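For reference, the structure discussed in these notes is given below.
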Amino acid sequence: MKNVMLCCLLALLGASLPAQESTVQTRLYAELVGEYEFYMNQQYLVISVFLDQGKLCERAAGESGAFEIQPINLDSLKFRIVNPGKEQYAVFVRNQDDKISGFRMTINTTEYVGKRLPSGGRVPRPVEQPLAVEDLQSDLTQIRRALEGEHPAVYGFTNEENFERLYEKQYEQIDGPKTLGEFCTIAAPLVVAVGCGHTTLSASNEFWTTAPPRFFPLGLVFFGDRAFVGRGADTVGNLRPGSEILSVNGRSIAEILKEIKALVSSDGSNNSWKTWVINRVFSKRYAFRYGFPEEFVIEILLPDRQKSETIRLRGVALSKIPAGPEKEMQKTSSGDPYLDFKILPDKQSTAILTIRTFGYYQETDKFKSFINDSFERIRKEGIRHLILDLRDNTGGDPFCTTHLLSYLEPKPLPYFARVYPNPYEPFAKPIPRAAGAFDGKLYVLINGGCFSSTGHFCALLKENRIGTFIGTETGGTYECNDASRTIQLEKTRLRLSVARITFTAAVRSLPRYRGIIPDIVVEPGIADEVAGRDPIMERALSLTTRSER
């Protein structure tokens with residue numbers, strides 16, 4: 001009966017208000033129109049309030065549907081949000097200047113408070129502006145609770161006592177206001193301690209787009225604990241590729257590398273993955289750890305020189321930083337820059353299959369078709385040596401890796417060690433061997449960028465002695481935690497990605513926190529970088545030649 005009376009009241013308010021009251025309502029509605037920011041489910045959400053043919057409505061950012069907001073009591077600014085799936089109410093609030101400053105939204109029995117955004121949207125906080133101690137403490141506590149509450153193996157790499165001790169140590173370092181970078185330096189080690197490469201702490205895109213144009217101006221390539229200027233990596237135009245960077249602003253490169261690695265998540269303490277990541281985003285990582293200095297005093301050793309010299313460089317905008325040491329994207333057989341197959345003209349019995357990602361979640365048919373076509377050509381051409389290049393492949397869809405496995409396994413092998421919920425449930429059973437599966441000699445090229453599902457795949461090959469591995473240790477192994485969700489920290493707005501399921505390949509003999517160790521270790525050096533050589537591929541090709549003799 002109450003609901004019937006309420007509906008009648010709402011109808012009267014909407015359809016038969018006296019002219020004076022209707023004018024008041026129209027003015028009020030115009031005052032309520034705007035954008036409001038809520039923190040809901042550990043994410044920021046913007047809700048727009050707008051007028052549609054005289055009706056007040058609301059829509060969440062990214063959603064196509066809108067809901068009408070019907071008045072219950074205009075004096076107290078209470079409204080009902082007409083959402084068929086939820087009992088939802090809104091109460092708008094005024095500040096001391098009698099301006100609308102936000103609204104409280106109740107969904108079922110939970111209340112959320114939204115702040116009104118200024119015209120044009122939220123004004124980003126300057127990246128070098130410190131945040132209050134209590135805000136930083138709150139976010140560090142939020143990180144801890146998220147890790148302990150959601151991660152499936154939070155104490156898999158460190159025990160609970162050490163984790164608690166580290167939390168207390170980092171908490172004590174919040175001894176005053178800190179910038180976002182300073183806070184990340186405090187908070188990231190707690191995330192890294194979990195030993196999970198899918199569980200990371202990072203800044204939002206807003207941080208980088210609003211950062212001052214004072215980034216480290218050189219693209220560096222790290223070999224061991226030494227750093228060099230790579231090809232095309234000099235923004236100032238007068239440093240030769242191969243020049244060694246010895247120190248920056250009084251810190252040795254070895255010290256800088258150690259301190260930045262402490263902030264990079266990996267499976268266990270996998271050094272290959274950490275180096276691979278830093279090679280691609282050094283300027284960002286440097287800024288997060290050391291801020292945005294006006295000038296970089298660099299001690300450098302030029303090629304063919306015995307004595308170092310000091311140069312001074314100004315920082316540059318992030319957009320001017322040279323890209324990391326990615327492989328040059330050549331024209332591929334598939335038209336997809338990450339998938340290529342070719343038969344070597346001077347080695348008719350050798351083919352190279354290059355797969356730079358398995359991330360074809362929405363295009364599995366495309367990936368499977370490429371693999372099917374490649375192995376059909378291998379069969380028809382009588383290929384006896386296959387070089388499978390998986391370098392820089394950070395993983396992707398098990399539907400892709402299992403399909404490739406079906407062409408390489410000598411007999412049906414299970415992919416996962418246990419049954420996972422659909423759609424991966426069938427992969428705990430032996431994967432049927434593909435018709436036309438390859439039975440020649442396989443050479444697998446790997447490096448620190450082989451991660452996640454690529455780690456699973458390589459581990460299965462290694463466990464079952466399928467192929468010869470050439471290169472450097474992979475960044476992933478037979479087990480990883482994923483099915484991650486991203487949490488936006490409430491005060492700092494940093495992004496915390498937390499894995500929620502442990503995925504284990506059907507492997508028993510390999511170490512949990514080491515990558516796949518190659519059978520033939522080939523460590524590229526700065527001379528290879530400068531000359532544009534690929535010693536890992538060269539070694540694989542030499543093996544195929546030797547086998548043909």
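The values are calculated or read from the model by the stated rules, or taken from the named source; none is laboratory data. Fair warning: this is a prediction, and the values are worked out from it, not measured in the lab. Every residue, glycine among them, receives a Cβ derived from its backbone with ideal geometry; neighbour counts consider all protein chains shown.
I'm told S319 meets every condition in (1) in contact (Cβ under 8 Å) with a residue 40 or more places away in the chain; (2) assigned to a helix (DSSP H, G or I); (3) under 30 Å from G219 (Cβ atoms) except one. Can you identify the failing condition by its number? If we test S319 against (1) in contact (Cβ under 8 Å) with a residue 40 or more places away in the chain; (2) assigned to a helix (DSSP H, G or I); (3) under 30 Å from G219 (Cβ atoms), just (1) comes out false. Set side by side, the residues D439, D392 differ, and just one is part of a loop (DSSP other than H, G, I, E, B), of a type in the set (D, E, K, R), within 23 Å of W276 (Cβ to Cβ) and not assigned by TED's automatic domain parsing to the domain that holds F222, which is D392. In this structure, R116 qualifies as at pLDDT 95 or above, surrounded by 13 or more Cβ atoms within 10 Å (Cβ to Cβ) and not aromatic (F, W, Y). Of the strands (runs of 3 or more DSSP E) lying entirely inside region 71-160, those containing at least 3 residues that are touching a residue at least 40 places away in the same chain (Cβ under 8 Å) are 100-107, 110-116. The sole residue among D365, D340 that is in a strand (DSSP E or B), within 31 Å of the chain's Cα centre (by Cα) and either not hydrophobic (A, V, I, L, M, F, W, C) or not assigned by TED's automatic domain parsing to the domain that holds R539 (or both) is D340.
Candidates are the residues of region 289-320 that are in contact with a Lys or Arg (Cβ under 7 Å, 6 or more places away or on another chain) and of a type in the set (A, V, I, L, M); the one that is surrounded by the most Cβ atoms within 10 Å (Cβ to Cβ) is L302. Could you check, for region 46-69, whether at least one of its residues is on the phi < 0 side of the Ramachandran plot, touching a residue at least 40 places away in the same chain (Cβ under 8 Å), touching a Leu at 6+ places or on another chain (Cβ under 9 Å) and not in a strand (DSSP E or B)? No, region 46-69 contains no residue that is on the phi < 0 side of the Ramachandran plot, touching a residue at least 40 places away in the same chain (Cβ under 8 Å), touching a Leu at 6+ places or on another chain (Cβ under 9 Å) and not in a strand (DSSP E or B). Residue-level check: of (1) buried (at least 19 other Cβ atoms within 10 Å of the Cβ); (2) in contact with a helix residue (DSSP H, G or I) (Cβ under 9 Å, 6 or more places away or on another chain), H151 misses just (2).
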